[in-house]
Amino acid sequence: MKFFVICPRGLEAPLVAELQAIAARPEVKSQGDWVIDPVPNHASGGIAVAGPLAVALAINLHSRIASRCILQLTHTTYRKEDDVYKAARALAWEEWFEPKQTLRVDVTAHRSPLTSLNFVTLRIKDAVCDRLREVKGERPSIDTDVPDVRVYAHLTATHVTIYLDTSGQSLFKRGWRDEKGAAPLKENLAAGILALTQWSIEQPLMDPMCGSGTFVIEAAYKALNIPSGAIRAGLLKPEATSTDESNNASQEQISNNPSEEKPRFIRYRPTRVDMVRDDQGFGFERLKPFQKTEVQKQWQDLKEQAKQDIKSGLARHKELKIAACDINEKMVQATKNNWKRAGLPAQSGVLSNVRQIDALEAKNLFNQAGVMLFNPPYGERIDIKGGNKRGARDALPKNNNAPEFIEFLNQFGKHLKDNYPGWQIDVLTADMGLPGQLRMKESKRTPLFNGPLECRLFRFEIRAEQDKV
């Protein structure tokens with residue numbers, strides 16, 4: 001089987017390293033060998049992987065960086081829309097799903113000569129429905145919100161590739177985020193940035209502009225070896241918070257029986273776009289080949305090992321050296337609530353290190369240097385503590401010349417030099433002039449994309465006291 005693992009552009013290298021680590025896990029390796037493409041020389045937005053069906057199981061459960069794992073069904077030449085229709089019509093869709101299941105089709109293109117992707121999308125829908133009507137006597141309904149089955153097609157100048165999605169809702173939707181700011185950082189982008197920083201549990205981690213807590217929660221999951229898909233796999237039960245509408249506060253963190261059979265094809269429509277619970281699970285659970293006894297056994301084996309990883313990981317929670325702050329009181333509370341919903345222990349000590357404070361007043365809470373990682377607001381700085389307002393995360397021009405923002409960055413750069421000797425500072429921003437505004441020289445800059453927005457991950461090294469002249 002051939003798969004394509006989609007990721008945010010710029011994170012292809014850490015994704016390859018992550019996929020290699022997943023493939024090397026004993027319980028994954030026993031299910032078959034993987035062939036992982038090398039890191040491309042351009043931002044391709046994903047990595048190709050070949051291997052057994054179980055590849056999709058492991059990636060959906062364990063990949064922190066992937067957005068989706070899609071399974072290739074065909075790759076062929078085309079010249080016009082009818083060629084795409086014929087390619088889709090020839091596929092045995094009845095072997096993958098039933099007409100009673102709902103369908104969505106998405107099409108992307110790069111240098112395609114076809115003028116209307118909407119028309120191509122319609123032709124692929126027609127092909128799938130015509131095939132199922134001929135073989136099964138009925139056709140699937142279309143659901144563009146929460147479909148049972150997602151079909152993807154990608155057109156180049158000469159070829160069309162058709163895929164089935166194995167992920168369902170995008171993998172950045174871990175299932176814990178229920179409170180957020182205006183434009184929260186996606187979880188898989190945050191995880192990829194953490195991989196680029198090379199932070200480890202032995203080091204302190206500080207986010208002085210934490211928003212709804214994406215960096216700190218992803219860091220805790222990574223440090224405690226909690227799979228990114230734990231909630232969606234039904235292995236980790238989020239703790240209820242005062243703002244939850246329906247959760248029992250006495251729920252156990254770890255489900256007693258993760259292998260318990262769940263009803264298939266539950267029609268779950270999230271009331272909030274980022275909430276994806278275990279009753280929706282992953283897309284592969286609604287595809288027929290993944291329901292075979294052998295593949296189900298492989299899935300249960302992966303979940304059983306993941307359950308053990310969660311237990312051993314949570315036992316290390318007191319080792320976490322994580323702190324965060326935000327000038328907005330509501331964002332601080334959102335971080336704490338999301339931490340609990342993520343199934344992370346409130347008694348870890350991290351929550352006491354999440355405080356409402358201006359970044360200019362944030363001090364090192366640990367007796368050692370570490371990594372500071374943050375994504376500053378892309379708009380004006382808000383200086384009303386505890387207020388409802390928050391900096392808009394709209395794209396900045398390459399150099400933001402707002403006097404208040406420049407003054408803040410000047411002060412913050414001095415604050416870092418005075419209070420964080422020996423620290424590594426990593427900043428994700430769309431403001432290409434940020435190093436000059438901080439009055440600091442970056443040691444590294446990595447191009448990344450936050451959705452369509454081109455950004456840079458700037459790294460600064462603060463000299464330790466003994467290194468200063």
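The set of residues from the range 13-44 being under 18 Å from Y163 (Cβ atoms) and either out of contact with any helix residue (DSSP H, G or I) (no Cβ under 8 Å at 6 or more places or on another chain) or of a type in the set (D, E) (or both) comprises V35, D37. The condition (being modelled with pLDDT of 95 or more and either of a type outside the set (G, A, S) or in the same structural domain as V371 (by TED's automatic domain parsing) (or both)) is satisfied by just one residue among L189, L236: L189. Just to be sure before I move on: is K336 assigned to a helix (DSSP H, G or I), in contact with a Gly (Cβ under 8 Å, 6 or more places away or on another chain), without any contact (Cβ under 8 Å) to a residue 40 or more places away in the chain and of a type outside the set (S, T, Y) in the structure I sent? Answer is no for this residue. Scanning the range 89-126 for residues that are under 18 Å from L287 (Cβ atoms) and hydrophobic (A, V, I, L, M, F, W, C) yields a total of 8. Of the numbered criteria (1) in contact with a Pro (Cβ under 9 Å, 6 or more places away or on another chain); (2) assigned to a helix (DSSP H, G or I), the one Q308 fails is (1).
Scanning the range 34-62 for residues that are under 27 Å from E294 (Cβ atoms) and out of contact with any strand residue (DSSP E or B) (no Cβ under 7 Å at 6 or more places or on another chain) returns P52, L53, A54, L57, A58, L61, H62. Each residue in the range 19-57 was checked for being without any contact (Cβ under 8 Å) to a residue 24 or more places away in the chain and closer than 30 Å to P452 by Cα, and 8 of them qualify.
Exactly one residue out of Q356, Q347, Q305 is free of Cβ contacts under 8 Å to residues at least 60 places away in the same chain and in contact with an Asp or Glu (Cβ under 6 Å, 6 or more places away or on another chain), and it is Q356. Inspect all residues belonging to the range 167-174 and state whether any of them is crowded, with 22+ Cβ neighbours inside 10 Å, assigned to a loop (DSSP other than H, G, I, E, B) and among the polar types (S, T, N, Q). Yes; the residues of the range 167-174 include at least one that is crowded, with 22+ Cβ neighbours inside 10 Å, assigned to a loop (DSSP other than H, G, I, E, B) and among the polar types (S, T, N, Q).
Please verify whether A190 is closer than 30 Å to Y78 by Cα and not in a strand (DSSP E or B), treating the condition exactly as stated. Judged against the criteria, A190 is not a match. Of all residue pairs spaced 6 or more apart or on separate chains, those with beta-carbon atoms under 7 Å, a first member in the range 432-461 that is closer than 15 Å to Q198 by Cα and a second member that is surrounded by 14 or more Cβ atoms within 10 Å (Cβ to Cβ) and small (G, A, S) are T446/G10.
Any residue at all in the range 147-159 that is surrounded by fewer than 21 Cβ atoms within 10 Å (Cβ to Cβ), part of a helix (DSSP H, G or I) and touching a residue at least 24 places away in the same chain (Cβ under 8 Å)? Checking the range 147-159: not a single residue is surrounded by fewer than 21 Cβ atoms within 10 Å (Cβ to Cβ), part of a helix (DSSP H, G or I) and touching a residue at least 24 places away in the same chain (Cβ under 8 Å). Picking from residues in the range 1-36 that are assigned to a loop (DSSP other than H, G, I, E, B) and of a type in the set (K, R), the one that is surrounded by the fewest Cβ atoms within 10 Å (Cβ to Cβ) is R25.
The values are calculated or read from the model by the stated rules, or taken from the named source; none is laboratory data. Quick caveat: nothing in here was measured; it's all calculated off a predicted structure. As a convention, Cβ positions derive from the backbone with ideal geometry for all residues, glycine included, and neighbour counts pool all protein chains shown.
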